Amino acid sequence: MTGAELPLVASLAVVTFAVGVLLGFVGAGGAGVVVALLTSVYGLPVHQAIGTALATMCLVTISGSVSHFREGNVAPRIGSVVGLAGAVGAVAGAQYSQAVAEARLQVMAGLGLWVLAALVWLRTRLAAVVPGGLDPEWAGETTRPGRDWAASLGLGMSGGAAAAFLGVGMAPFLQLGYLAVLRLPLRQAVGTTMLTLVFISAAGSAALARAGDVSPAHFLGTTIGLATGAWFGARFTRRAPRSILRGAVVLIPFLAGALLLFA
């Protein structure tokens, strides 16, 4: 890194710290937000922004998942299975994304985030009227039937492929799967999603780095800001009112989609 790049790194660190607090709070890796920020504000081509965002998300999710684990918000066994399957899907998604035009890829990512935001909103609204809601008492991981493990593989493969292809973290999609299919409480769905994204972002960013789609200066600045912010944000998840957490889970992907579509 040259001396001329230091102001860029400092600027990104400051801007993304506040974003990182929000992402850690809702258990998102923030790749979609980073892609939108790097393309619309810092002028990176979208393929390079995607690779840089996934590389950043890897370190951010490590920081956030450690904090969530300490707060008791992680189901490590099911999260690891989904994450390993997601890593396989991410390698495939990263390879296919190279053939898609930049403008089309950006629109697809923005629309995908809006669809995910809508699905999470619908799930949380329906669960609010179901006995037990989204937050039954967490008693730790229990023995699961075979269909749950099969669903875990499908959730991971599809989420990982989409994450690396579109350059978005797919946190809302994974959270929806943990809530609706694997029946985790909301706080454990948030924390376990952060763990799963460690595997997906590591595999996807490694595949894209081999194609030269990671900017070291942009990676350093966003990593400093997001990782620090995510560590603080994750500490508030357990203490937050449920209504605020549910609203934030929906709002983050919606805003990131708007940035990708209109910025």
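Can you tell me which residue among V66, V33, V41, V91 is buried (at least 20 other Cβ atoms within 10 Å of the Cβ) and among the aliphatic types (A, V, I, L, M)?
So the residue among V66, V33, V41, V91 that is buried (at least 20 other Cβ atoms within 10 Å of the Cβ) and among the aliphatic types (A, V, I, L, M) is V33.
Which members of the stretch 201-238 meet the condition of being in a loop (DSSP other than H, G, I, E, B) and either of a type in the set (F, W, Y) or farther than 26 Å from R70 by Cβ (or both)?
Passing the criteria: A211, G212, D213, V214, S215.
Being outside any helix (DSSP H, G or I) and among the charged types (D, E, K, R) is the filter here, so list the residues in the stretch 154-200 that pass it.
R183
Each reported figure results from applying straightforward, stated rules to the coordinates on display, with no laboratory input. Nothing here was measured: the structure is a model prediction, and the numbers come from that model. Note: ideal-geometry Cβ built from the backbone for every residue, glycine included; neighbour counts use all protein chains shown.
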